[in-house]
2 protein chains.
Amino acid sequence: MSDADIRALRAKLKHLDLLQSINGLLGWDEQVNLPPASGPRRAEQLAAMAAVIHEAQVDPELGRVLEQLENADVPLSEDERVILQWARRDYDHARRLPEAFVRRKAALESEGFHVWREARSANDFGRFAPVLEQQIALLKEEAALQGMGDRPYDYLLDQFDPGLTEADVETLFAVLKADLVPFVRAVVDSPVKAHPEKLRGLPVEGQNRFLREVVEAIGFDFARGRIDVAVHPFCSGDAADTRLTTRFSEEEPLSSLFGAIHEAGHGLYEQGLPVEHLGTALGEAVGMAVHESQSRIWENQVGRGRAFWQHFEPRFREIFGERLDAVSSEELFLAVNAVALTPIRVEADEVTYNLHIILRFEMERRLFGGDVKIDELPGLWNALTRELLGFEPASDAEGILQDVHWSCGLFGYFPSYCIGNMVAAQLWKAIRSQMPDIEADFARGDFSRMLGWLREHVHRQGRRYRTKELVQKVTGEALSPVHLIDYLKERYAPLYLPEAR
Amino acid sequence: MSDADIRALRAKLKHLDLLQSINGLLGWDEQVNLPPASGPRRAEQLAAMAAVIHEAQVDPELGRVLEQLENADVPLSEDERVILQWARRDYDHARRLPEAFVRRKAALESEGFHVWREARSANDFGRFAPVLEQQIALLKEEAALQGMGDRPYDYLLDQFDPGLTEADVETLFAVLKADLVPFVRAVVDSPVKAHPEKLRGLPVEGQNRFLREVVEAIGFDFARGRIDVAVHPFCSGDAADTRLTTRFSEEEPLSSLFGAIHEAGHGLYEQGLPVEHLGTALGEAVGMAVHESQSRIWENQVGRGRAFWQHFEPRFREIFGERLDAVSSEELFLAVNAVALTPIRVEADEVTYNLHIILRFEMERRLFGGDVKIDELPGLWNALTRELLGFEPASDAEGILQDVHWSCGLFGYFPSYCIGNMVAAQLWKAIRSQMPDIEADFARGDFSRMLGWLREHVHRQGRRYRTKELVQKVTGEALSPVHLIDYLKERYAPLYLPEAR
């Protein structure tokens, strides 16, 4: 009976999802609440959960249910087909990795993280090089175990964005780079300068109040979510319990605000996934790029726009009072849209950020293509920085050692940040062509049509489509870098290059 | 090889303990952080963990390891013997309960809780009666499955306090009751009256600061623990990560303070258990009564004593300033040691509290002895309240429906509260006879000798001894109610019955 089998499949997937959500809570708690000396215990708890989850992932019972459904005579519904297909992919993926390999990978992630932390603080790439080499070898081994030993980087990209290939990324980034490098040069050479430092010293309590009002206004549901403070901003949980974090700095109040809007964008996607399908592909995000598009569209297209500030500036001034007397409206808006060169990715604005990602993609494809030796990496990093940003980092700590990702084996992940920006811009174009007056909503503080559109076209789809398919389906054209370039020029040229209009 | 087997046993127990600790964190998070609409998801997560834990508890591999150790030629060390014996008990206990029974029990707990909540708010015992009847039938069934069908109440008591029997409790409570009922009568009839209401309105922020200073001073380690706010104060976690909660009320500032000291006493016990033995009986508390003795000794014997306030009163006044100008030192001390009749157990002071427990024991033993019908219970409750406290509750909501315990199947648990008071008083006597000047330490704000003594004699022992054995071993005499009576008279007679001295 296909009906009983699909119920059995759903039950298995739901159990697995619950276990993974518990694991997610352990991770959230580690960042938000864990007492300083309780770290080793938490590591043991996470390892115990990993073992339990792995067991559920490779459960032979699950394999039998999948086979029965695949061989059933009764035709499956469209929804059931989607669920079955992804469950099969995840099951096979897990079964192909021997337990010893999974343990080795987890151990190297943990070791890599600690070695990287030391290497970065000692500004010593040589200390990090051996684990980097091991990470790459291990990931090549993993790709081979998955039957993709000839295209390890494609395998990695596909983990984060189903269907995305190195060739796709290469094409998208080549177009972006050609236009963006000269545009960034023009903007940073402009005599117009933003002065975000004028906002220094805004009290944290007011920041917290304002940021919660904004996050609630754009539609984050606090009845099934919360915001806490953590060292690194992130979004965790799922549609049933979505948890955002932010951090506060009196020095950089806009950084907490936009960090929170960004995470709330991720949170809105999670909250918009169909809760009745949690644990199946229909209740899951498409991939990292689409996830990032949701955080970016709220942070940038919405949150850095004139209409948004038309509505929120009065409240911002009401909360901070005379501290803002010396900041004009135009200065505030320019600070919100500050562009500045920095060697550090996480400090970059939305314009230059994309160049940081192109740099990392260039490094990664060569690492997995075998075109570069480990000890040539710092030189390559610096040369690429010069080519893309026009200067060289002062040290490896500010260069190749700045990001945590590679230490934990996260390769193929960086591109999704920039592709997320592209998807956001392309969605934004579609939204404005379907609802030309949408920004008038924002100016009134009404974000419900915007959220409703994303809910319908993106969130509720779950993983029904792969990244490129979804973009094609929703916007009517193939994923393209042009809309990101257009958006950036439309927003930043009038501010920084008024004479060029 | 016995060595390999004992390592295998420790690994199995550790895995089980980690899973249980994760379950504990889910429970903590539910009380402290859970968004209001995320309850159903948490219930599903808890059910998923319960299934995983049950599987680990009845793992046949664990059974084989136990047998191999029991049949080994190589003699076990004393520690190993203790670990093996309790692991066997827990394993057999879990194996004897069929999975269907465990599921039925969990469902009834959840249903019982909801029905109780409705019944209490409707003041309608009739609505609660059927689940109460089912709970009792189910627990009798459980006792029978465990081979103790002829003594179900002994079975229940033993779950919470290994080795304790109905006959023990009956003897202890009879002596206590004979002395305590007239003493309470004399104290409440005394013309001396405490006025805790004079402390009303102390700001929560100051309460929070003071309470954290006190909890840190008595030795709670914030490097591996924390305090949060929850509706019901509790202590969860273990030696590696101990989490207390309290609640604040401007109306009753002493209630938050002593609630926090009480939970910190539980926390100090957990933090004092040998972390290297976590998951085995050597890293586990003896039982509920000894646990309660640790919370009570810090809350009452220490925290309500003159020496404690000699040290802390200046700081208390410093924090709250002129709000305390109208309260003399003697009035403050009397408020700390207020005695008043109330129908509600959780609002009772440390003197009358014991009578609330005797009442519940009288009810429970009759329920499991079959001497009473369900519909006679409210009348019995009221009659016992009159006998013990001298008045009748105004309603069942303030009477038999007041406690959550029975709704969740917690029978045999109440006695441990009062026996914990007895153990605390008996330990206190031993401490003062071994360190007669201990209160001079408290007056200097030094609680390290006190904590050191408890660490050595109680905490570090884990579950090496059963409740009565531990008390005998540590104090040199059998568990007795006399020390509790002596302690209460010593503390309260001078305050309320000065003429009687």
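Structure notes:
- Listed by first and then second residue, the pairs linking a residue in region B:269-284 that is more than 18 Å from B:Arg466 (Cβ to Cβ) to a residue that is buried (at least 22 other Cβ atoms within 10 Å of the Cβ) and among the hydroxyl-bearing types (Ser, Thr, Tyr), with Cβ atoms under 7 Å apart and 6 or more places separating them unless they lie on different chains, are B:Glu270/B:Thr242; B:Gln271/B:Thr242.
- Just one of (1) over 30 Å from B:Asp79 (Cβ atoms); (2) modelled with pLDDT of 95 or more fails for B:Gly369. It is (2).
- Residue pairs meeting the criteria (Cβ under 9 Å; at least 6 apart or on separate chains; first assigned to a loop (DSSP other than H, G, I, E, B) and among the small types (Gly, Ala, Ser), in region A:58-77; second modelled with pLDDT under 95 and open to solvent by 40 Å² or more (accessible area, probe 1.4 Å)): A:Ala72/A:Met1
- In region B:399-420, the residues that are on the phi > 0 side of the Ramachandran plot and surrounded by fewer than 24 Cβ atoms within 10 Å (Cβ to Cβ): B:Gly409
- In region B:1-17, residue farthest from B:His232 (Cα to Cα) [restricted to those that are more than 12 Å from every other protein chain (Cβ to nearest Cβ) and of a type in the set (Asp, Glu)]: B:Asp3
- Of residues in region A:145-177 being among the hydrophobic types (A, V, I, L, M, F, W, C) and not in a helix (DSSP H, G or I), the one surrounded by the fewest Cβ atoms within 10 Å (Cβ to Cβ): A:Met148
- Residues considered: A:Gly112, A:Gly126. Of these, the only one that is modelled with pLDDT under 95, assigned to a helix (DSSP H, G or I) and open to solvent by less than 70 Å² (accessible area, probe 1.4 Å) is A:Gly112.
- In region A:18-50, the residues that are out of contact with any Leu (no Cβ under 8 Å at 6 or more places or on another chain), more than 7 Å from every other protein chain (Cβ to nearest Cβ) and under 24 Å from A:Gly283 (Cα atoms): A:Gln20, A:Gly24, A:Trp28, A:Ala50
- Residues satisfying the criterion are present in region A:308-326 (criterion: among the aliphatic types (A, V, I, L, M), within 30 Å of A:Ser448 (Cα to Cα) and crowded, with 16+ Cβ neighbours inside 10 Å).
- Reported count of residues in region A:178-187, each being aliphatic (A, V, I, L, M) and open to solvent by 50 Å² or more (accessible area, probe 1.4 Å), is 1.
- Qualifying residue in region A:39-58 (condition: open to solvent by less than 30 Å² (accessible area, probe 1.4 Å), farther than 16 Å from A:Ala87 by Cα and touching an Asp or Glu at 6+ places or on another chain (Cβ under 6 Å)): yes
- Residue in region B:273-284 that is closer than 29 Å to B:His483 by Cα and of a type in the set (S, T, N, Q) present: no
- Among the residues listed as B:Gly237, B:Gly259, B:Gly272, B:Gly265, the single one being surrounded by 22 or more Cβ atoms within 10 Å (Cβ to Cβ), at pLDDT 95 or above, on the phi > 0 side of the Ramachandran plot and among the small types (Gly, Ala, Ser): B:Gly237
- Out of A:Val458, A:Val482, sole residue that is out of contact with any helix residue (DSSP H, G or I) (no Cβ under 6 Å at 6 or more places or on another chain), hydrophobic (A, V, I, L, M, F, W, C) and open to solvent by 30 Å² or more (accessible area, probe 1.4 Å): A:Val482
- Neighbours by Cβ (under 8 Å, 6+ apart or cross-chain): first from region A:183-205, more than 30 Å from A:Gly321 (Cα to Cα); second surrounded by 14 or more Cβ atoms within 10 Å (Cβ to Cβ) and of a type in the set (Ser, Thr, Tyr): A:Phe183/A:Tyr492; A:Val184/A:Thr352; A:Ala186/A:Tyr496; A:Val187/A:Tyr492; A:Val187/A:Tyr496; A:Ser190/A:Tyr496
- Looking only at residues in region A:233-259 that are within 18 Å of A:Ile297 (Cα to Cα) and outside any strand (DSSP E or B), the one that is nearest to the other protein chains (Cβ to nearest Cβ) is A:Phe234.
- Being modelled with pLDDT of 95 or more and either exposed (fewer than 14 other Cβ atoms within 10 Å of the Cβ) or not assigned by TED's automatic domain parsing to the domain that holds A:Arg226 (or both) is true of A:Asp29.
- Single unsatisfied condition, B:Leu69 versus (1) within 14 Å of chain A (Cβ to nearest Cβ); (2) surrounded by 20 or more Cβ atoms within 10 Å (Cβ to Cβ): (1)
- Residue among A:Arg491, A:Arg464 that alone is more than 16 Å from A:Val302 (Cβ to Cβ), over 19 Å from the mean Cα position of the chain (by Cα) and surrounded by 14 or more Cβ atoms within 10 Å (Cβ to Cβ): A:Arg464
- B:Ile83 falls short on exactly one of the conditions (1) open to solvent by 10 Å² or more (accessible area, probe 1.4 Å); (2) more than 19 Å from A:Leu46 (Cβ to Cβ); (3) more than 10 Å from chain A (Cβ to nearest Cβ), and that condition is (1).
- Hey, A:Gly476 surrounded by fewer than 17 Cβ atoms within 10 Å (Cβ to Cβ) and in the same structural domain as A:Ala281 (by TED's automatic domain parsing) or not: no
- Among residues of region A:403-423 that are over 13 Å from A:Val351 (Cα atoms) and modelled with pLDDT of 95 or more, those with a Cβ under 7 angstrom from a residue that is among the β-branched types (Val, Ile, Thr) and surrounded by fewer than 24 Cβ atoms within 10 Å (Cβ to Cβ), sequence gap 6+ or separate chain, pair up as A:Phe414/A:Ile357; A:Pro415/A:Ile357.
- Within region B:304-323, no residue that is within 18 Å of B:Leu199 (Cα to Cα) and not assigned by TED's automatic domain parsing to the domain that holds B:Phe447 sits with its Cβ atom under 7 Å from a residue that is at pLDDT 95 or above and surrounded by 16 or more Cβ atoms within 10 Å (Cβ to Cβ) at 6+ positions apart or across chains.
- Any hit, region B:473-491, residues being part of a loop (DSSP other than H, G, I, E, B) and basic (Lys, Arg): no
- Number of the condition not met by A:Glu364 [criteria: (1) part of a helix (DSSP H, G or I); (2) within 30 Å of A:Ala167 (Cα to Cα); (3) open to solvent by 10 Å² or more (accessible area, probe 1.4 Å)]: (3)
- Complete set of residues in region B:204-232 that are open to solvent by 40 Å² or more (accessible area, probe 1.4 Å), away from chain A (no Cβ under 12 Å) and part of a loop (DSSP other than H, G, I, E, B): B:Val231, B:His232
- All conditions in (1) surrounded by fewer than 24 Cβ atoms within 10 Å (Cβ to Cβ); (2) closer than 26 Å to B:Gly412 by Cβ; (3) more than 14 Å from chain A (Cβ to nearest Cβ) hold for B:Asn300, with the sole exception of (1).
The values are calculated or read from the model by the stated rules, or taken from the named source; none is laboratory data. These numbers come from a predicted model, not from an experiment. Here Cβ is always computed from backbone atoms with ideal geometry, including for glycine, and neighbour counts include all displayed protein chains. Accessible surface areas use protein heavy atoms only, side chains included; no ligands, DNA or RNA. Shrake-Rupley method; radii C 1.70, N 1.55, O 1.52, S 1.80 Å.
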